[in-house]
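The values are calculated or read from the model by the stated rules, or taken from the named source; none is laboratory data. The structure presented is a predicted model; accordingly, all values stated were derived computationally and were not measured. Every residue, glycine as well, gets a Cβ built from its backbone with ideal geometry; the counts of neighbours run over all protein chains shown. The accessibility values were calculated without ligands, DNA or RNA, using every heavy atom of the protein model including side chains. Shrake-Rupley method; radii C 1.70, N 1.55, O 1.52, S 1.80 Å.
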Amino acid sequence: MVDLNRLKQIYKFGKELSLKDIQVLLKAAKNGSFRKKELLINEGSKRNDVFYIKSGLVRCFNINGKGEEITLKLIPEHQVFANVDLILFSQASRFFYEALENTEVFFIDYDVLQDLVSRNPKLEANRKYVLQRLLKESMERVESFVLLTPEERYLRFVKDYPGITKRVQDKYIANVLGITPVSLSRIRKRIASKY
């Protein structure tokens with residue numbers, strides 16, 4: 001069962017959307033379950049579903065020219081993600097989206113979602129909000145690499161994603177922060193020595 005209050009909070013539905021509006025979205029959505037290590041979206045995929053994570057954790061990663069997996073993003077519960085390459089650029093996914101834990105989702109075909117949104121001004125307003133939020137997150141991430149030290153990036157990550165460091169391997173966190181696992185270990189030791 002979805003936590004409607006949490007959904008309202010995340011998307012600021014409360015004032016703009018009624019429970020009926022939310023139910024329209026949920027009626028069009030399907031339930032999905034993915035086991036740990038199962039791929040939700042594969043590199044090269046043209047899957048155009050938009051996912052809402054009810055529970056679990058998803059990792060977005062790419063494999064570089066050396067054959068190494070590079071984690072770009074960790075996506076915990078109550079977040080939305082999609083094959084951005086397909087939706088924004090009409091091309092197959094450059095990334096893999098993998099369940100790091102057993103993961104429960106709602107998903108809806110992007111074209112169906114677009115149709116629902118086009119017929120409901122309240123949903124359209126929320127779509128704009130979600131897109132603005134995604135742009136804001138992207139800008140903050142770019143700025144963090146320019147303006148913040150690795151330690152400051154780590155502290156922000158821990159604040160923004162409480163508890164996630166206990167759920168994933170250090171190498172994934174290090175990738176997201178743009179540092180090595182050894183540097184992550186040093187940062188943690190420095191922080192621990194301060195407190």
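Some values worked out for this structure:
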quantity: Carbon plus sulfur fraction of accessible area for segment 26-119, probe 1.4 Å, in percent; calculated: 50 percent
quantity: Val24-Glu143 FRET efficiency (beta carbon distance; Förster radius 41 Å; 0.05 resolution); calculated: 0.65
quantity: Förster radius 41 Å - calculated FRET efficiency between Gln114 and Ser183 (Cβ-Cβ, nearest 0.05); calculated: 0.45
quantity: Entries in Lys54/Lys194; Lys30/Lys66; Lys37/Lys166; Lys27/Lys171; Lys27/Lys159; Lys122/Lys166 that, when Cα-Cα distance is taken, lie over 28 Å; calculated: Lys54/Lys194; Lys30/Lys66; Lys27/Lys171; Lys27/Lys159; Lys122/Lys166
quantity: Computed label-point distance, nm, for sites Lys171 and Glu38 using a 7 Å Cα→Cβ extension; calculated: 2.4 nm
quantity: In Hz, Karplus ³J(HN,Hα) per residue of segment 91-105 (6.51, -1.76, 1.60; θ = phi - 60°; x = Gly, Pro); calculated: 9, 4, 4, 8, 10, 9, 10, 10, 6, 8, 9, 4, 10, 10, 9
quantity: Global size of the chain as Cα Rg and Dmax, reported in angstrom; calculated: 17.8, 56
quantity: Surface accessible to a 1.4 Å probe, per residue, for the residues of the chain, Å²; calculated: 59 Å²
quantity: Interchain or long-range residues, amide H under 5 Å from Glu101's placed H; calculated: Lys37, Leu57
quantity: Exposed trypsin sites (Lys or Arg not before Pro) absent: longest stretch of the chain, with sites in DSSP loops and at most 11 other Cβ within 10 Å deemed exposed; calculated: 120-195
quantity: Modelled FRET efficiency - R0 30 Å, Ile191 with Leu88, Cβ distances, 0.05 increments; calculated: 0.25
